[in-house]
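One structure is given below, encoded as structure tokens.
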Number of protein chains: 4
Amino acid sequence: MAKKVAIIGASGYTGGELLRWALMHSEMDVSQITSERFAGQAATKLNPNLRGFTQLAFTPVKELKNDVDAIFICTPHKTGAQYVKQFFETGVKIVDLSADFRLHNKDTYAKYYQEHPHPDLLQHAVYGLPELHREEIKKAKLVACPGCLATSIILPLAPLVKAKLISVEGIIADSKIGSSAGGAGFDISTHHPERQGGVRSYKPHGHRHTAEIEQELSAINGAPVSVGMTPHGIEMVRGIMSTVHVRQTGKLADIDLWKAYRSFFTGSPFVRLVKDQQTLYRYPEPKPVVGTNFADIGWELDQEKGRIIIMSAIDNLVKGSGGQAIQNFNLMNGFDEKMGLWQPGFHPL
Amino acid sequence: MAKKVAIIGASGYTGGELLRWALMHSEMDVSQITSERFAGQAATKLNPNLRGFTQLAFTPVKELKNDVDAIFICTPHKTGAQYVKQFFETGVKIVDLSADFRLHNKDTYAKYYQEHPHPDLLQHAVYGLPELHREEIKKAKLVACPGCLATSIILPLAPLVKAKLISVEGIIADSKIGSSAGGAGFDISTHHPERQGGVRSYKPHGHRHTAEIEQELSAINGAPVSVGMTPHGIEMVRGIMSTVHVRQTGKLADIDLWKAYRSFFTGSPFVRLVKDQQTLYRYPEPKPVVGTNFADIGWELDQEKGRIIIMSAIDNLVKGSGGQAIQNFNLMNGFDEKMGLWQPGFHPL
Amino acid sequence: MAKKVAIIGASGYTGGELLRWALMHSEMDVSQITSERFAGQAATKLNPNLRGFTQLAFTPVKELKNDVDAIFICTPHKTGAQYVKQFFETGVKIVDLSADFRLHNKDTYAKYYQEHPHPDLLQHAVYGLPELHREEIKKAKLVACPGCLATSIILPLAPLVKAKLISVEGIIADSKIGSSAGGAGFDISTHHPERQGGVRSYKPHGHRHTAEIEQELSAINGAPVSVGMTPHGIEMVRGIMSTVHVRQTGKLADIDLWKAYRSFFTGSPFVRLVKDQQTLYRYPEPKPVVGTNFADIGWELDQEKGRIIIMSAIDNLVKGSGGQAIQNFNLMNGFDEKMGLWQPGFHPL
Amino acid sequence: MAKKVAIIGASGYTGGELLRWALMHSEMDVSQITSERFAGQAATKLNPNLRGFTQLAFTPVKELKNDVDAIFICTPHKTGAQYVKQFFETGVKIVDLSADFRLHNKDTYAKYYQEHPHPDLLQHAVYGLPELHREEIKKAKLVACPGCLATSIILPLAPLVKAKLISVEGIIADSKIGSSAGGAGFDISTHHPERQGGVRSYKPHGHRHTAEIEQELSAINGAPVSVGMTPHGIEMVRGIMSTVHVRQTGKLADIDLWKAYRSFFTGSPFVRLVKDQQTLYRYPEPKPVVGTNFADIGWELDQEKGRIIIMSAIDNLVKGSGGQAIQNFNLMNGFDEKMGLWQPGFHPL
């Protein structure tokens, strides 16, 4: 029998995307979606793509019923922690897509966000990147889904950090990201005439996702890893392309990287290594992964400069949030990791 | 047991899209894909989205084996007819996506294309628009898939023509279409700097799809229907928005149109009537149908001018070609029309 | 000596564009720009393109000094009329870019907008389309600049209406327009993820510009002309492409249209007739006119359907507002119509 | 009296852009434009923006007359050198926009291009970046215009290298570039459906412009400077955004960078320092510089990581080629550097 699930804060882009995948999932039965602002309105009012697929309407969170097997939390940070607190003791499985339980250290959380409202719960959360924590996720009651930029930067770096192939100092992650990553909230910066065709470095340094990137890579490394991340909003609705510039620790051959990546991602169906000789799409690009849960990863050795240019591409709303949440849900429930997510992208798109 | 199918001319965008859907279809087993130009190369070289979903490589058509249940022909016109001729007698079911068997009248075909190479076969072909010819398609051996623009214009007009609600003189169809409709072939007109952000009326009148539009609507009307069609290439890869301007025959009320549309499309799961009061997406738009087999149709009565503005939106590569081909395949094989096609779009995209 | 000018309501896109052209104009000296909301802030805060070209800051309108030769009003309708009232008696030349003085008939104004606040002034206003009213503009104290869509639809129709070559019933104007036409105000409909790549028929009928289009064409015709206008927001920031579908009154030849257009636009430097045999840009398109004051006009006869497809392209912020305002200013001051405006567009753009 | 100039290889995007600016320049008289492929055709066939601005037609280069004051060479590399050879002895001033005379060292040229056809002429060429070599350019007979990416990377780095504020090891330049930079030639990679919305790292390392970047910065430094450059084609026709990641040599304050930049660019009208506190466009972006000769430069200190993120934005076809060529022409002829180029961009665009 399918699992009953509820989505809290379902009126944003993350919640909408999660709802889309959940509706098509053979083992999920979405019983409730909440939104304070849009309470009483049909989900299809905000999600025209779902016309014909659901009759669900948003309800206020206070009307949420307890008879669910899993809860997905798609609210902003701080609010997320409150719902985790509220439901954690009920035993329901929780997938939290807010930022509140990604960081294990409450001081780091305080530095990047604010004082943590429920630091006692931090110890129960597993960082929900299946390629790194698959076994813990299977047993977890509370999974904290990674940030979209973090996903696109941790995945390509983890194998090389683990294999000690690169310098852990001075890593540069230069990311290009679509406008949907900013969410459904709007202001002058997202006004079409101002945003269209632009390249905007909206946060050249100190982006919050830096904290979780460094947490995860440092854990793998057994010592601090430092990543300078600079995201750029570019003309694209969905998609992230992260170009990660690292220094080789010694003279590497291409085969060394193939080995490190293949070894690390064995058993991880949603990571594709993309490095062809001649095709147009010989490196990862966002377009072929839009609408999918894949993370495409490729690289090139620059022997003259002793560096490696690593490229990774994901759909920020799928592998970067809603799809990854379902991947975690699948693992937490003993389902095949790919269930309901095994879809190719579109070409051309 | 799944049906074995082959795709002839699979290296274009239509063939690639068809392949995508066929690979995900539970009752289809794609055994062969042909391309002369790319023979020997992997399908994923042209379709980076399909990495991880197929090991198929293109073969030359002469190596095509006979042991298939259905053949999809995705070649340009004229070439299409030759393959239909070649396979028609073998008894295999044929879905032809070229333009060669859409027109019943060989003179009309000659006027818009060239002399028909195999006019004797025209009588066997059914025009593959399920919403108009569902029962004939179920019994057909040869189905001719409609053009993408034609699909987007016939569907919104058919119910009103049938119900005699509009003048059949001076209908204007002003279409906006994405660049993928031109196919994988390129020239200066599709060069990104020249095509990006443009609005180009590349064929203000006399577009070939006019012939099939008038054929189908005239048949419904029992008398000639005249449609002036003007397509515009706009900034979009996938998608067609057709705005159809017609005159009311008498004073109509909104309910008259609702009745005509609802009645006509009962039992047609892929047509959605979109006409809301307040939402942002209150009329059809291409974005919510991209990646889907839906045709969204809406309208507005302009009582002051005695006209109706009808809007329809499809994905030219899905409902406009590859998806519709599978919809026809499903019908020809007695499957549920929706099989393998029941997917919502993405929002935002 | 250069004329001193002030711009009221300068913080919007129309005001910003006007400021740009005015700063580069050899006979204009912009002494004041007003904005209530941005009072005290530098013009370059909203117009990053003007860095290095002006030190002007916005002032509240109450601080506006009287010692100017001309005032440009760039506020929304209703507010525009108040400023016209305030300054009309001072003898300063007024170019009003709001909609308040475009319509001669106060009842028509009331139907499309609201009760007119100062109907007594209507008789003093000249409709500021130089190609139609050049001589009156030269003598006018108050010029009402046309709407952007209206400009793109009146210009291609006027010569054919005047020459009695087309039916004045059932004209269809299907326009495609960029997002900047909606102005600097934002809401969910202009949020980049919702607006990007879309085709949105936001006002299928009854658009306000219909009133001025019919007013101007009816005056030329000496009898009512009816135009059904349907604008679509498409993926573009600047630019309008209007495709106008009309019926021929008799059997026309191409030369008949050439004659009508050439005759009408003799002496109008900003109208270019674009109708080539072979080039890629053989019809008008927005891209080559972006950033210019040109209106490109072309057409094709559809003899089979007895119709004409007329295409016109302008930059909504230049010929559609700020540039046309300066063209009017030039005429009102006895300057060369082209002064400060004679700039080609960019290719590719 | 205006200088007579000829443009060799005028049918590409660089030549077309140069022609545009030259036609508007009060001291330039374009007497000839050459193209083998388009000989006999009007310039406006390829440049629809120039309709009404020129009657020039392309001629084959062999018909080029000698009576010109300056020649602009816009051909690909290798061909460029041949024309330089042909005209150098005639005493005409030469502005070469090909890559052939940018590198002083023939071995470096051979490594990145091919054996240099005329190495004897290398000593006569001045690298045409006015902000670095203004005085030499004034006296030069042969100026080699910089590459577009090189311009966007050298300018933001030169002041910091000169002031010894940054490490000259491990500099990373991550550039985002529009499709027009690839020129008018097309293939599948520039086909709109494949290129639109993409982020493509087409040359992760070893890009040819690296050579001139390192040449110029090393000269300033008095010792080798190493730059790892990774350009990405993104959704944009015009524009380059280079994000340059460098390490501070010591603990720097913001004022140190302001001083270094202000000092270096005193007297350079086309460099604007862009670093605001609050505005939307507080860092450089391509949009406000499109259509202009400006290079906007900004930065942010990342004290935690000891790095600096430097951002620079140019229009690849103006400051990146055609505009810079005219800036050089102005200097070579003793004109004001800004002559014919002092135009602001557009907002919004």
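No lab work stands behind these numbers, since they all come straight from the coordinates. This is a predicted model, so every value here is computed, not measured. Quick reminder, even Gly has a Cβ in these numbers, built from the backbone with ideal geometry, and neighbours come from all protein chains shown.
Based on DSSP, what percent of beta bridges with both residues in region B:149-314 are antiparallel, to the nearest 5?
70 percent
Let me have the relative contact order for region C:1-133, percent, based on Cα pairs under 8 Å that are six or more residues apart.
About 21 percent, as a whole number.
Any idea what the relative contact order of region B:284-326 is, in percent, if you count C-alpha pairs under 8 Å spaced at least 6 apart?
So the answer I get is 42 percent.
If Lys and Arg each add +1 and Asp and Glu each add -1, what is the summed charge of the other residues whose beta carbon sits under 9 Å from the beta carbon of D:Asn49?
Counting the neighbours of D:Asn49, the net charge comes to +3.
Using only the Cα atoms of the protein assembly as shown, build the gyration tensor, take square roots of its eigenvalues as a ≥ b ≥ c, and label the shape rounded, prolate or oblate: rounded if a/c is under 1.5, else prolate if a/b is larger than b/c, else oblate.
It is rounded, given that a/c, with a ≥ b ≥ c, falls under 1.5.
Amide H to amide H under 5 Å from C:Ala57: which residues, 5+ apart in sequence or cross-chain, H placed 1.01 Å off N in plane?
C:Ala43
Among A:Asp256, D:Asp315, which comes first, then next, by fewest other beta-carbon atoms within 10 Å?
Ranked by crowding around the Cβ, least crowded first: A:Asp256, D:Asp315.
Can you work out ³J(HN,Hα) from phi for every residue in region C:335-345, in order, using Karplus 6.51 cos²θ - 1.76 cosθ + 1.60 and θ = phi - 60°, giving whole Hz and x for Gly and Pro?
Karplus values, whole Hz, x for Gly and Pro: 7, 4, 3, 8, 3, x, 10, 7, 10, x, x.
Which of B:Ile137, B:Ile310 has the fewest other C-beta atoms within 10 Å, and how do the rest follow up to the most?
So the residues, fewest neighbours to most, are B:Ile137, B:Ile310.
Positive end of the charge dipole of chain A (Lys, Arg +1 and Asp, Glu -1 on Cβ, about the Cα centre): tell me which of A:Ala144, A:Ala125, A:Thr230 has its Cα farthest that way.
Ranked along the dipole, the leading option is A:Thr230.
Starting at the first residue of region A:248-264, write each ³J(HN,Hα) from the Karplus equation 6.51 cos²θ - 1.76 cosθ + 1.60 with θ = phi - 60°, in whole Hz, x for Gly and Pro.
Karplus values, whole Hz, x for Gly and Pro: 5, 7, x, 6, 9, 10, 4, 4, 4, 6, 4, 4, 4, 5, 4, 5, 5.
Once amide H atoms are placed 1.01 Å from N in the peptide plane, what residues at a sequence separation of 5 or more from B:Val237, or on another chain, have their amide H within under 5 Å of its amide H?
Amide H to amide H, under 5 Å and 5 or more residues apart or across chains, B:Val237 pairs with B:Ser179.
How big is the dipole moment of the protein assembly as shown about its Cα centre under a simple scheme where the beta carbon of each Lys and Arg is +1, that of each Asp and Glu is -1, and everything else is neutral? Debye, nearest 20, please.
Its charge dipole is roughly 0 debye.
Return the single residue from B:Leu103, B:Leu331, B:Leu252 with maximal mean-square fluctuation; model: Gaussian network over chain B, springs between Cα atoms under 10 Å.
Looking only at B:Leu103, B:Leu331, B:Leu252, the biggest GNM fluctuation is shown by B:Leu252.
Quick one: D:Ser263, D:Ser180, fewest Cβ neighbours within 10 Å first, how do they rank?
By the 10 Å Cβ count, ascending, the order reads D:Ser263, D:Ser180.
Ordered by residue, what ³J(HN,Hα) values in Hz, to whole numbers, does region A:55-70 give under the Karplus form 6.51 cos²θ - 1.76 cosθ + 1.60, where θ = phi - 60° and Gly and Pro are x?
10, 4, 10, 6, 10, x, 4, 5, 8, 4, 8, 7, 7, 10, 8, 8
What FRET efficiency do you get for D:Glu27 and D:Asp120 if R0 is 22 Å and r is their Cβ-Cβ distance, rounded to the nearest 0.05?
0.10
Compute log10 of I(q)/I(0) for region C:149-314 with the Debye formula, placing one identical point scatterer on every Cα and leaving out solvent, at q = 0.08, 0.14, 0.15, 0.16 Å⁻¹, to two decimals.
Values returned for q = 0.08, 0.14, 0.15, 0.16 Å⁻¹ are -0.24, -0.72, -0.83, -0.93.
Put +1 on the Cβ of every Lys and Arg and -1 on every Asp and Glu Cβ in region C:53-203; which of C:Thr108, C:Pro159, C:Val84 then has its Cα farthest towards the positive end of the dipole?
Farthest towards the positive end: C:Pro159.
Peptide A:204-211: average number of partner chain Cβ atoms within 10 Å per residue?
Mean number of neighbouring Cβ atoms from other chains: 4.
Can you give the average number of partner chain beta-carbon atoms within 10 Å of each beta-carbon in peptide A:166-177, as a whole number?
Average per residue, whole number: 4.
Taking the Cα centre as origin and putting +1 on Lys and Arg beta-carbons and -1 on Asp and Glu beta-carbons, what dipole magnitude results for region A:149-314, to the nearest 20 debye?
The dipole magnitude comes to about 200 debye.
What dipole magnitude, in Debye to the nearest 20, does region D:78-196 give about its Cα centre under +1 on Lys/Arg Cβ and -1 on Asp/Glu Cβ?
Computed about the Cα centre, the dipole is about 320 debye.
Please identify every one of the GluC sites (Glu not before Pro) in region C:38-131 that sits in a loop by DSSP and has no more than 13 other beta carbons within 10 Å of its own beta carbon.
C:Glu89, C:Glu115
Kindly flag which residue pairs out of A:Lys85/A:Lys141; D:Lys62/D:Lys338; D:Lys93/D:Lys176; B:Lys176/B:Lys287; B:Lys203/C:Lys251 have an alpha-carbon separation exceeding 23 Å in this structure.
Cα-Cα > 23 Å for D:Lys62/D:Lys338; D:Lys93/D:Lys176; rest within.
Enumerate the amide H contacts of A:Met28 below 5 Å, restricted to partners 5 or more residues apart or on another chain; note that Pro and chain-start residues carry no placed amide H.
Distant-sequence amide H within range of A:Met28: A:Lys3.
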